[in-house]
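Notes follow the structure.
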Amino acid sequence: MKLRYAIYLASAALAFGMLTLASTLPSGAADKVDPVADAKAFKKFFTDKFPKVKLEDFVNGPYSMNEDLHRQWQEKEQFPPYEFSLEMGKEMFSKPFKNGKTYADCFPNGGIGVRQNYPYFDEKEGKVITLELALNRCREANGEAPYSYVKDEMAALTAYMAFTSRGKPMDIKIPDDPRALAAYENGKEYFYTRRGQLNFSCAACHVQSPGERIRAEILAPALGIVNAMPIYRSEWSGMGTTSRRFTTCNSQIRGVPLNPQDDEYRNVEYYLSYVSNGLPISGPGARP
Amino acid sequence: MLPAFTLALVIGAFASTAPAQAQSAVDEGRNLAFDRGKGNCLTCHVIKGGTLPGSIGPELRDIKSKYPKREDLVAILNDETQRNPLTVMPPFGRNRILTEKEINAVVDFLQTL
């Protein structure tokens, strides 16, 4: 019974995969790539699968998947465990570099309320620029050493920037540039490709199995999965950035994680953020 | 007298080691199935005697009545994508997560469920 159900779910995922695959066929026909249709199908897949979850609630990851957890989350938000990081980020953000400039000088609108526009495609460079990357580039341009991508300072800065953008709908653009479309496509392909000794794709966990338990952890749905980053996790006893989460997910499948901010990760973040357009920024988040 | 005695001893020894050997394969299979670094089947399946099971796959019970043929279980463990290309269950044999011998031990264990 349960097996048939599992296979049924899997075929639902297949249908979904085919739908998206149809637009990724490497026929060289770039005009076949249709991110708008992708994003629509992506949302529909999740809202059909979880008809009781409100669209804007998907950004709460595992907490959106069941009511008990949702209650736990509300309790947690009373005394948010990411508070220390947020404070630190706020302070860091306003403190001038040795040259007198600040982070605000590197970002549109002084860096306030702009999280929803990251990552963006930089047409000069021909590449995807994530918020984490932009922050380190800002430091380097101002003669400061870059931070580690995975935690502490980087988590604090992105926590603060997310916090000032809470509630704003994710708003990722794909400029009319074949390289931007290619970055999106590559990110999508990375997301659906199986890898590692355990043969998982990102989608195996976050599209085929959201809401299911993997040991004690409840898998987050891929829709809105980056909106809450960075997150505090009890299991890490600390904060982690998007880079940390991606590399950890890759290690869990006994694959070799890439380096934070490698092109593939930037592209996958671009893809995931684009298909989550319209869902609110909710970071920093707290997780069990 | 002596040969008969030896024979009895041999039979006796046999009678008691055969099940013991089977039992140890079952134990080994259980350990492999529960071990996080090995089968880690509990990540996805509820299995009697295991703690903190996941819910991605079906509960593993009445396996012997569902899969009376040993080869079928070996095949599922070797590479479930053969049966269901979309499965999330790892191909334990194909990707050498478990050796043939280990897979056999896990199958022995599964048949007791």
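The values are calculated or read from the model by the stated rules, or taken from the named source; none is laboratory data. Only a predicted model underlies this, so the values are computations on that prediction, with no experimental measurement involved. Counting neighbours? That spans all protein chains shown, and the Cβs are built from the backbone with ideal geometry, glycine included. All accessible areas refer to the heavy atoms of the entire protein, side chains included, with ligands and DNA or RNA removed. Shrake-Rupley method; radii C 1.70, N 1.55, O 1.52, S 1.80 Å.
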Exercise for the section: Taking 7 Å along the Cα-to-C-beta vector as the label spot, tell me the A:LYS95-A:LYS32 distance in nanometres, rounded to one decimal. Expected result: 5.3
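Estimate for me the total accessible surface buried between chains B and A (protein heavy atoms, probe 1.4 Å, no ligands or nucleic acids), in Å² to the nearest 100. Don't skip to the answer; put the middle values down first.
Numbers: alone 7590 and 14420 Å², together 19930 Å².
Between B and A, the summed buried area is about 2100 Å².
Counting alpha carbon pairs within less than 8 Å and at least 6 residues apart, what relative contact order, in whole percent, applies to chain A? Walk me through the intermediate numbers first.
Numbers: 469 pairs, mean separation 75.0, N = 288.
With pairs under 8 Å counted, the relative contact order is 26 percent.
Determine, from the Cβ-Cβ distance of A:CYS106 and A:ILE174 and an R0 of 25 Å, the FRET efficiency 1/(1 + (r/R0)^6), rounded to the nearest 0.05. Working shown, then result.
On the way: r = 23 Å, r/R0 = 0.92.
Calculated transfer efficiency: 0.60.
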Fill in the blank from the handout: Any aspartates and glutamates whose Cα falls less than 17 Å from that of A:LYS95, other than same-chain ones fewer than 8 residues away, would be A:GLU87, A:ASP105, A:GLU140, A:GLU144, A:ASP152, A:GLU153
Problem - Label-point separation, A:GLN197 to A:SER237 (7 Å along Cα→Cβ), nm - result: 2.8
Exercise for the section: Only bridges with both residues in chain A count here: give the DSSP antiparallel percent, nearest 5. Expected result: 75
Problem - Hits among aspartates and glutamates - C-alpha to C-alpha of A:LYS32 under 18 Å, sequence gap 8 or more where chains match - result: A:ASP176, A:ASP177, A:GLU185, A:GLU189
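DSSP loop GluC sites (Glu not before Pro) in the range A:183-288 with at most 10 other Cβ atoms within 10 Å of their Cβ, which ones? Walk me through the intermediate numbers first.
Working: sites: A:GLU185, A:GLU189, A:GLU212, A:GLU217, A:GLU235, A:GLU264, A:GLU269; in loops: A:GLU212.
Nothing satisfies the criteria.
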Completion exercise
Convex hull around the C-alpha positions of the range B:22-110: the volume in Å³ per residue is 92
Practice task
Give the angle, between 0 and 90 degrees and rounded to the nearest 10, that separates the Cα long axis of helix A:242-252 from the longest principal axis of the Cα atoms of chain A.
Solution key: 40
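Per-residue ellipticity at 222 nm for chain A, helices alone: DSSP H runs ≥ 4 residues times -39500 (n - 2.57), over residue total, nearest 500 deg cm²/dmol? Provide the component values of the computation, followed by the final result.
Working: 10 runs with 126 residues, N = 288.
When only DSSP H runs of four or more count, the value is -14000 deg cm²/dmol.
Which percent of the accessible heavy-atom area of chain A goes to carbon and sulfur, probe 1.4 angstrom?
The nonpolar share, carbon plus sulfur, comes to 56 percent.
Relative contact order for the range B:22-110 using alpha-carbon pairs under 8 Å, separation at least 6, rounded to a whole percent? Walk me through the intermediate numbers first.
On the way: 114 pairs, mean separation 29.8, N = 89.
So the answer I get is 34 percent.
Test of understanding: what is the full-extension gain from A:ALA141 to A:ASP263, defined as 0.36 nm times their sequence separation minus their Cα-Cα distance?
Roughly 41.9 nm would be gained on extension.
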Problem - Net charge of neighbours whose Cβ lies under 13 Å from the Cβ of A:ARG213, counting Lys and Arg as +1 and Asp and Glu as -1 - result: -3
Exercise for the section: Could you tell me how many degrees, from 0 to 90 and to the nearest 10, lie between the Cα long axis of helix A:152-163 and the main elongation axis, the longest principal axis, of the Cα atoms of chain A? Expected result: 80
Exercise for the section: Go through the protein assembly as shown and flag any cysteine with no other cysteine's C-beta closer than 4.7 Å, please. Expected result: A:CYS202, A:CYS205, A:CYS249, B:CYS41, B:CYS44
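So with the 1.4 Å probe, I'd like the accessible area per residue for the protein assembly as shown, rounded to whole Å².
Working: 19930 Å² over 401 residues.
Computed with neighbouring chains in place, this is 50 Å² per residue.
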Practice task
Among the aspartates and glutamates, select those whose C-alpha is under 12 Å from the C-alpha of A:LYS52, and discard any that sit fewer than 8 residues away in the same chain.
Solution key: A:GLU67
Exercise for the section: Treat each spin label as a single point 7 Å out from the Cα along the C-beta direction, and report the A:PHE79 to B:ARG94 distance in nm. Expected result: 5.0
Problem - In degrees, nearest ten, helix A:35-49 long axis to first principal axis of chain A (Cα) - result: 70
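Among rounded, prolate and oblate, which fits the protein assembly as shown when a ≥ b ≥ c are the square roots of the eigenvalues of its C-alpha gyration tensor, a/c under 1.5 means rounded, and a/b larger than b/c means prolate? Intermediate results must be reported in sequence, preceding the final value.
Details: a/c = 2.44, a/b = 1.99, b/c = 1.23.
The shape class here is prolate.
List, in the order given, every pair from A:LYS151/A:LYS188; A:LYS44/B:LYS38; A:LYS49/A:LYS90; A:LYS49/A:LYS168 whose Cα-Cα distance in the structure shown is over 30 Å.
A:LYS44/B:LYS38; A:LYS49/A:LYS90
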